[in-house]
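Data first, discussion second: the structure below is written as structure tokens.
What follows is calculated from the coordinates using simple rules that are stated; it is not laboratory data. Note that the coordinates shown come from a computational prediction; the quantities given were computed from them, not determined experimentally. Cβ sites come from the backbone with ideal geometry, for glycine too, and all protein chains shown count toward neighbours.
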Amino acid sequence: MIYITRVEHFNAAHRLFNPSWTEEKNDEVFGRCANKNWHGHNFELHVTIMGQPSPETGFVYDAKKLGKIIREHVIEVLDHKNLNVEVEFLKGKMCSIENMAIGIWEQLIIQLPEGVKLYRIVLHETPSIYVEYYGNTRPL
């Protein structure tokens, strides 16, 4: 099995805030991330697919085509947006990096052609905080 990863970047703002809590509790739990005027990140997204290389091309899948899918269905949706307000797949959810990774997975899985298996999403929020998501499966 071969794994190929495409890396993309986007910038976005969000707020961690539970509307059923008081301002004080939100501040206690989320700190500066609960700022009512939002805060932003320079995100780095790694999308990994897996498969066997084609005998005709040597590719698991054309990396240019993968990049186009990621840009069209994820980056253009998230880049320079207020994630809490402007992103449909995050509406009604806590706008955490964990929920973002799940939402990105759900956007990509339906766009990949048959035979291309999405293996992992890695989403860096900062240089020291990132998540990995493998869908509903565990990594081997």
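Filtered by the rule that a residue be of a type in the set (Val, Ile, Thr), touching a helix residue (DSSP H, G or I) at 6+ places or on another chain (Cβ under 9 Å) and touching a residue at least 60 places away in the same chain (Cβ under 8 Å), the range 89-131 gives VAL116, ILE121, VAL122. The residues of the range 1-17 that are of a type outside the set (Ser, Thr, Tyr) and part of a strand (DSSP E or B), listed by number, are ILE2, ILE4, ARG6, VAL7, GLU8, HIS9, PHE10, ASN11, ALA12, ALA13, HIS14.
Sort out which residues of the range 62-88 are touching a residue at least 40 places away in the same chain (Cβ under 8 Å), of a type in the set (A, V, I, L, M) and surrounded by fewer than 14 Cβ atoms within 10 Å (Cβ to Cβ), and write them in order of number. Result: ALA63, single match. Considering every residue within the range 23-30, establish whether at least one is surrounded by fewer than 17 Cβ atoms within 10 Å (Cβ to Cβ) and either more than 17 Å from SER96 (Cβ to Cβ) or in contact with a His (Cβ under 8 Å, 6 or more places away or on another chain) (or both). Yes, some residue in the range 23-30 is surrounded by fewer than 17 Cβ atoms within 10 Å (Cβ to Cβ) and either more than 17 Å from SER96 (Cβ to Cβ) or in contact with a His (Cβ under 8 Å, 6 or more places away or on another chain) (or both).
Being surrounded by 15 or more Cβ atoms within 10 Å (Cβ to Cβ) and small (Gly, Ala, Ser) is true of SER96.
Selection over the range 5-22 of residues that are out of contact with any strand residue (DSSP E or B) (no Cβ under 6 Å at 6 or more places or on another chain), surrounded by 12 or more Cβ atoms within 10 Å (Cβ to Cβ) and not aromatic (Phe, Trp, Tyr) gives a count of 4.
Checking each residue in the range 37-70 for being touching a Lys or Arg at 6+ places or on another chain (Cβ under 7 Å) and either aliphatic (A, V, I, L, M) or under 28 Å from PRO127 (Cα atoms) (or both) picks out TRP38, HIS39, VAL47, THR48, ILE49, MET50, ALA63, LEU66, GLY67, ILE70.
Here the helices (runs of 4 or more DSSP H) wholly within the range 18-118 that include at least 1 residues being of a type in the set (Val, Ile, Thr), closer than 17 Å to ILE4 by Cβ and more than 11 Å from the chain's Cα centre (by Cα) are 63-70, 97-109. Number of residues in the range 73-101 that are under 16 Å from GLU44 (Cα atoms) and not aliphatic (A, V, I, L, M): the value is 8.
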